[in-house]
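Chemist: Please see the structure below; I have some questions.
Each reported figure results from applying straightforward, stated rules to the coordinates on display, with no laboratory input. Note that the structure is a prediction, hence the values are computed from the model and not measured. Reconstructed Cβ throughout: ideal geometry from the backbone, glycine too, with neighbour counts over all protein chains shown.
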Amino acid sequence: MPVHFKHLDSGNTDTTESFFSNLFLRGRINSGNESNEGYDLILEEGRNEEWCEQHWKEIKANEMKYDEDVNQYITLTLADLVNPKSLTFANQYTVGIDDDVGKIAVSLPEQIKTYFLYKINADFLLLNLGLFRPDSNILGDAYFDKGESYYFSAASNLKAVKGGRSGMSDVLEKLSGGFGKYVEILRTMKNSADNYLSFNFKFSQAEMQELQTSLSQTVQKKKDSGLS
């Protein structure tokens with residue numbers, strides 16, 4: 001369920017899903033990675049079943065370029081950051097960035113748990129490399145191969161559980177194939193956001209002095225009026 005909140009500056013109400021969606025889509029544009037780049041809307045239009053069967057590889061490759069579903073997935077993943085229930089579940093599976101998930105996966109008795117293990121740690125890498133690490137802007141493509149591998153393994157395990165492709169397995173494959181691109185979008189989002197998502201934001205000396213002066217004046221006014 002989306003979480004409703006009120007912006008402190010404007011007083012307008014919003015949902016976490018809408019908030020993160022706007023930020024992420026803006027990050028896509030600012031990073032030069034607009035949605036559905038190269039996707040051909042008419043590849044299958046007017047084609048008969050035989051043609052589609054013969055050209056299934058081209059059709060799937062085209063479908064993988066459609067990433068509105070990835071936009072939604074990442075938006076919901078970001079929104080889950082403020083959902084304690086989601087974080088509690090994720091923490092059951094999350095391991096350190098330098099740990100090998102594969103060593104844990106072989107000991108899990110159920111394939112659905114293996115799927116969650118890879119998916120959650122892939123999400124963790126994506127958000128960590130894109131948003132949370134203070135050195136994310138200078139990391140380059142470090143850990144990208146691990147993120148790609150985790151999402152691919154998550155997709156493979158999900159297909160085994162479901163008995164074939166699904167919308168979610170396609171999303172995970174797209175995240176695997178474009179992992180570096182999506183990290184770049186998140187880094188751009190982080191660097192351009194003018195709110196608490198700008199994790200590297202710091203007050204300048206002049207701004208800090210102005211804030212301290214304003215606070216001192218407010219405290220003095222309260223003292224003069226007898227307020228504590």
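Chemist: Scan the range 42-71 for residues that are in a loop (DSSP other than H, G, I, E, B) and within 24 Å of residue 119 (Cβ to Cβ) and jot them down. First the steps, then the outcome.
Modeler: First, pick out the residues of the range 42-71 that are in a loop (DSSP other than H, G, I, E, B): 42-48, 55, 64-67.
64, 65, 66, 67 - these are the residues of the range 42-71 that are in a loop (DSSP other than H, G, I, E, B) and within 24 Å of residue 119 (Cβ to Cβ).
Chemist: Please go through the range 153-172 and give me each residue that is hydroxyl-bearing (Ser, Thr, Tyr) and touching a Ser or Thr at 6+ places or on another chain (Cβ under 9 Å), ordered by number.
Modeler: Filtering the range 153-172 down to residues hydroxyl-bearing (Ser, Thr, Tyr) leaves 153, 156, 166, 169.
Those that are hydroxyl-bearing (Ser, Thr, Tyr) and touching a Ser or Thr at 6+ places or on another chain (Cβ under 9 Å): 153, 156, 169.
Chemist: Take the residues of the range 171-191 that are of a type in the set (A, V, I, L, M, F, W, C) and free of Cβ contacts under 8 Å to residues at least 60 places away in the same chain: which is nearest to residue 70 (Cα to Cα)? I'd like the intermediate steps shown before the answer.
Modeler: Of the range 171-191, the ones of a type in the set (A, V, I, L, M, F, W, C) are 171-172, 175, 179, 183, 185-186, 189.
Going one step further and asking which of them are free of Cβ contacts under 8 Å to residues at least 60 places away in the same chain, we end up with 172, 179, 183.
Working: 172: 8, 179: 11, 183: 13 Å.
Ranking the candidates gives 172 first.
Chemist: May I pose another question? Which one of these is touching a Leu at 6+ places or on another chain (Cβ under 6 Å) and not in a helix (DSSP H, G or I): 93, 39?
Modeler: Values: 39 fails: touching a Leu at 6+ places or on another chain (Cβ under 6 Å).
Step by step, each of 93, 39 is checked, and only 93 is touching a Leu at 6+ places or on another chain (Cβ under 6 Å) and not in a helix (DSSP H, G or I).
Chemist: Here's something else I'd like to know. Just to check your reading of the model, which residue among 68, 63 is acidic (Asp, Glu) and over 18 Å from the mean Cα position of the chain (by Cα)?
Modeler: Working: 68 fails: over 18 Å from the mean Cα position of the chain (by Cα).
Every option except 63 fails the conditions.
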